[in-house]
1. Residues being open to solvent by 70 Å² or more (accessible area, probe 1.4 Å) and at pLDDT 95 or above: count how many of those fall in the range 45-54.
2. Against the condition charged (D, E, K, R), open to solvent by less than 70 Å² (accessible area, probe 1.4 Å) and at negative phi, how does residue 6 come out, does it pass?
3. Determine which single condition residue 19 fails, assuming it passes every other condition in (1) touching a Pro at 6+ places or on another chain (Cβ under 6 Å); (2) open to solvent by 30 Å² or more (accessible area, probe 1.4 Å).
4. Are any residues in the range 1-12 in a loop (DSSP other than H, G, I, E, B) and either at pLDDT 95 or above or among the charged types (D, E, K, R) (or both), and if so, which ones?
5. Do you know which residues across the range 55-70 are touching a helix residue (DSSP H, G or I) at 6+ places or on another chain (Cβ under 8 Å) and surrounded by fewer than 17 Cβ atoms within 10 Å (Cβ to Cβ)?
6. Out of (1) in a loop (DSSP other than H, G, I, E, B); (2) open to solvent by less than 40 Å² (accessible area, probe 1.4 Å); (3) not hydrophobic (A, V, I, L, M, F, W, C), what's the single condition that is false for residue 99?
7. When residues of the range 49-106 are filtered for being touching a residue at least 12 places away in the same chain (Cβ under 8 Å) and farther than 30 Å from residue 32 by Cβ, how many remain?
8. Against the condition crowded, with 17+ Cβ neighbours inside 10 Å and either at pLDDT 95 or above or not polar (S, T, N, Q) (or both), how does residue 42 come out, does it pass?
Amino acid sequence: MCDVGDTLHFILGGGHNAVEVSDSTWLANGSAPLAGGFSFGFGATGMFIPDDCHTFYYVCQPHAQAGMVGVIIANIYGCTDPNALNYDNLANVDNGQCDYSSYTIE
């Protein structure tokens with residue numbers, strides 16, 4: 001797991017790459033790249049910075065059938081209770097800071 005905006009470093013050996021795939025491709029141990037997804041070539045060193053809150057699936061294409069696959073879960077922390085005053089609809093992990101105070105204006 002990581003947070004949105006974190007920098008993840010890929011350091012790959014000569015016989016390995018890392019290619020983002022769809023969740024259905026990942027579940028099937030497939031290797032078809034996701035259009036617009038990240039891709040690091042064989043033996044590459046590179047960085048990936050998740051820019052939104054979701055699960056990123058990736059595989060080593062020649063070894064996906066053997067289970068050489070990975071998952072990156074990018075989180076945004078905030079108040080996840082829609083009844084709170086400071087509800088954050090982008091947050092997927094509650095930070096325990098929900099505000100339920102009430103204000104009376106006279």
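The values are calculated or read from the model by the stated rules, or taken from the named source; none is laboratory data. Source: prediction; values computed, not measured. Glycine also receives a Cβ, built like all others from the backbone with ideal geometry; neighbour counts cover every protein chain displayed. To get the accessible areas, we keep the full protein, side chains included, count just its heavy atoms, and leave off ligands, DNA and RNA. Shrake-Rupley method; radii C 1.70, N 1.55, O 1.52, S 1.80 Å.
1. 3
2. Yes.
3. Of the numbered conditions (1) touching a Pro at 6+ places or on another chain (Cβ under 6 Å); (2) open to solvent by 30 Å² or more (accessible area, probe 1.4 Å), the odd one out for residue 19 is (2).
4. Listed by number, the residues that qualify are 6, 7, 12.
5. The one that is touching a helix residue (DSSP H, G or I) at 6+ places or on another chain (Cβ under 8 Å) and surrounded by fewer than 17 Cβ atoms within 10 Å (Cβ to Cβ): 55.
6. Single failed check for residue 99: (2).
7. 19
8. So residue 42 fails the test.
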